[in-house]
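Encoded as structure tokens, the structure appears first; notes follow it.
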Amino acid sequence: MLEFGPTSVCTTKPAALTNATQFRIALPADAEALAGLHTLSWQRNYRGILPDTVLDGALYDEHLAVWRKRLSSSTPERQFFLLAVQEDAVVGFVSVLLDLDPEWGARLENLHVHPRNQGRGLGRELLQRARAWVAGAAPGQPLHLWVLAANAPALAFYDRLGGRAVQNNLWELPSGHKVSEIRYQWPTRAAGTGG
């Protein structure tokens, strides 16, 4: 099991989504915490879907490089990185990039919740906040994401939250492995609405 620094992923007893859960925009200093939870989530949810060589290799370092780059971007108004924090530990996060795939609208690039905090409404809350941000930052744009086709729990989650499967694709990893993925999309949403 991976271990990270004191401001990193949750190491405390999980708590339900309560007033103790705080939401804040990620800062450059959060790169290690994001990379840690991102890596933990991949290792737990993609085991048996992605090769072990990918999951057990330099994944944390790759994620850390991505988060350092994203969090130091010169266009912060075009991206949204929201953390869910409990007792100073990052227990979930969502990221949205407006310009990654404009034909399909804003792209939800990441939605990860610490395994001990899943099933408590945190993923739903993060997705709702992401949709609300898109409605304000890019009115009229839908939201979409790619999800691995073999990730049945994620597919069920997105189905429950009103996403529609709209496209299939074959994702080729840098290692050369190919994995089926499905694009989910949510329609446009008016700013300030809860739907």
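Points worth noting:
- Extension gain, ASP52 to ARG68, is 3.3 nm, computed as 0.36 nm per intervening residue step minus the present C-alpha separation.
- Once the Cα gyration tensor of the stretch 91-139 is diagonalised, semi-axes √(5λ) in Å: 23, 11, 7
- Restricting attention to the stretch 22-140, close to 95% of DSSP beta bridges with both partner residues there are antiparallel.
- Taking label positions 7 Å along the Cα-Cβ direction at both THR188 and LEU100, the computed distance is 2.2 nm, reported to one decimal.
- If the segment from THR75 to ASN168 were pulled out straight at 0.36 nm per residue, it would be longer than the present Cα-Cα gap by 30.5 nm.
- The percentage of C-alpha pairs in the chain whose separation is greater than 24 Å is 39%.
- Residue with peak Gaussian network fluctuation, the chain [Cα springs, cutoff 10 Å], from SER72, SER95, SER175: SER175
- The slack in the chain from SER180 to LEU27, taken as 0.36 nm per residue of separation less the alpha-carbon distance, amounts to 51.8 nm.
Rule-based calculations on the coordinates, nothing more; no lab input. Since the model is a prediction, treat every value here as computed from it, not as a measurement. Every residue, glycine as well, gets a Cβ built from its backbone with ideal geometry; the counts of neighbours run over all protein chains shown.
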